[in-house]
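Novice: The structure's right below; bear with me while I get my questions together.
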Amino acid sequence: MQMTHIKFPGPGPRYRLTNHARFIAFILVTLLMITAVVTVLGKRREEDDPKNTSIAVTPFVPPPTPEYTMPPIDVPEGKTLEKVLVVIDPGHGGSDSGTVSPYDDDFYEKEVTLDIALKVRDLLNESGIDAVMTRYSDIRLAETQREDLKLRAQLANELNATLFVSIHVNAYDLKLSGATKVNGMEIHYLDKQSIYDSFDSREFAEIMGKAIEAQNGINNRGIIKSDFSVLRNTEMPAVLVETAYITNREDNDRLKSDEFRAKTAMGIADGVKKALDALQAFEYEGDLYVFREADSQ
Ligand code: ZN
């Protein structure tokens with residue numbers, strides 16, 4: 001804002017003090033101009049005050065998706081080149097607690113799954129494998145479980161993920177006799193059209209089960225074909241790890257221990273690495289890539 005320079009009248013005949021009407025008009029105009037300038041400057045100072053600007057609602061603009069140029073690698077006929085990305089899905093969250101411990105108050109599946117998933121993410125990142133999670137805190141992705149599960153699979157599909165690992169905690173129906181004796185780990189998978197010609201969810205499940213068992217020594221109940229939402233709706237090889245039974249006393253205590261969670265996470269990260277080996281993932285200038293069937297998209 002430029003200050004208007006106000007010229008005061010000289011002793012010329014037009015502004016003689018005797019010319020009262022003209023003089024009063026001049027004073028009024030000058031006062032009006034000063035008032036206007038003061039008002040504008042005052043308003044500016046108000047706008048500069050951070051307390052005032054914070055009131056304004058800035059619409060959220062999501063950061064742009066990072067773009068990367070595909071490296072100059074010869075892609076075999078019928079294949080596409082994809083950057084490796086693993087999606088880790090900690091089961092449940094928020095108002096959906098998942099399974100509940102019959103032995104300890106306030107001990108829920110959702111807390112174990114998030115803790116293990118964060119550890120897996122860190123281990124993968126340390127090994128140079130890009131990994132993202134479907135949730136990073138105690139939240140659910142949608143109001144209904146059906147929609148929540150769909151969104152988890154949708155996220156992996158939109159990210160064009162290479163592999164998907166869902167982490168859960170099992171529970172046996174306590175109304176059934178011998179329920180508390182049931183213990184151990186299960187790896188669930190679903191047969192579906194694979195986006196890779198020599199690797200599918202079943203192979204991923206077998207690799208994963210062995211890798212976790214080797215790390216934490218848990219009773220491996222084997223691989224089980226299950227029509228779970230996240231397995232059915234994901235396009236890439238996917239497994240759902242039921243880490244242990246919260247309804248079994250020993251498993252419950254394992255699930256509470258940091259050591260078991262850390263070793264389980266190491267097993268899952270190891271399973272992912274072995275699966276990437278089976279997929280013949282390769283490094284190029286610090287990033288990992290795989291070839292995918294071109295007609296799978
Ligand atoms: Zn669960």
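The values are calculated or read from the model by the stated rules, or taken from the named source; none is laboratory data. Everything numeric here is computed off the predicted structure, so don't read it as measured data. Here Cβ is always computed from backbone atoms with ideal geometry, including for glycine, and neighbour counts include all displayed protein chains. The area values use the complete protein model at the heavy-atom level, side chains included, leaving out ligands, DNA and RNA. Shrake-Rupley method; radii C 1.70, N 1.55, O 1.52, S 1.80 Å.
Novice: Considering only residues of the stretch 69-101 that are without any contact (Cβ under 8 Å) to a residue 60 or more places away in the chain and in contact with a strand residue (DSSP E or B) (Cβ under 7 Å, 6 or more places away or on another chain), which is nearest to the ligand (Cβ to nearest atom)?
Specialist: 97
Novice: Report, by residue number, each residue of the stretch 270-289 that is aliphatic (A, V, I, L, M) and in contact with a Lys or Arg (Cβ under 8 Å, 6 or more places away or on another chain). Break it down into steps so the answer makes sense when it comes.
Specialist: Narrowing the stretch 270-289 to residues aliphatic (A, V, I, L, M): 272, 275-276, 278-279, 281, 288.
Once the filter is applied, which keeps residues that are aliphatic (A, V, I, L, M) and in contact with a Lys or Arg (Cβ under 8 Å, 6 or more places away or on another chain), the stretch 270-289 yields only 288.
Novice: Taking helices (runs of 4 or more DSSP H) that fall entirely within the stretch 173-286, which contain at least 2 residues that are open to solvent by 30 Å² or more (accessible area, probe 1.4 Å) and closer than 20 Å to residue 101 by Cβ?
Specialist: 249-256, 258-278
Novice: Being open to solvent by 30 Å² or more (accessible area, probe 1.4 Å), modelled with pLDDT of 95 or more and more than 30 Å from residue 285 (Cβ to Cβ) narrows it down to one residue among 112, 132, 100; which is it?
Specialist: 100
Novice: Let me ask another. In the stretch 152-171, what count of residues is obtained for those that are away from the ligand (no atom under 16 Å from the Cβ) and either at pLDDT below 95 or open to solvent by 10 Å² or more (accessible area, probe 1.4 Å) (or both)?
Specialist: Here the count works out to 6.
Novice: Next question, about the same structure. Please count how many residues of the stretch 102-114 are assigned to a loop (DSSP other than H, G, I, E, B) and either within 13 Å of the ligand (Cβ to nearest atom) or over 23 Å from residue 141 (Cα atoms) (or both).
Specialist: Within the stretch 102-114, the subset assigned to a loop (DSSP other than H, G, I, E, B) is 102-107.
From the residues that got through so far, the ones that are either within 13 Å of the ligand (Cβ to nearest atom) or over 23 Å from residue 141 (Cα atoms) (or both) too are 102-105.
Here the count works out to 4.
Novice: Let me ask something else about it. Regarding residue 143, is this residue closer than 20 Å to residue 269 by Cβ, of a type outside the set (S, T, N, Q) and either away from the ligand (no atom under 16 Å from the Cβ) or in contact with a Ser or Thr (Cβ under 8 Å, 6 or more places away or on another chain) (or both)?
Specialist: No: the conditions fail for residue 143.
Novice: Answer yes or no as to whether residue 202 is among the basic types (Lys, Arg) and within 16 Å of the ligand (Cβ to nearest atom).
Specialist: Against the criterion (among the basic types (Lys, Arg) and within 16 Å of the ligand (Cβ to nearest atom)), residue 202 does not qualify.
Novice: Are any residues in the stretch 118-129 in a loop (DSSP other than H, G, I, E, B) and either open to solvent by 60 Å² or more (accessible area, probe 1.4 Å) or in contact with a Lys or Arg (Cβ under 8 Å, 6 or more places away or on another chain) (or both), and if so, which ones?
Specialist: Across the stretch 118-129, the qualifying residues are 127, 129.
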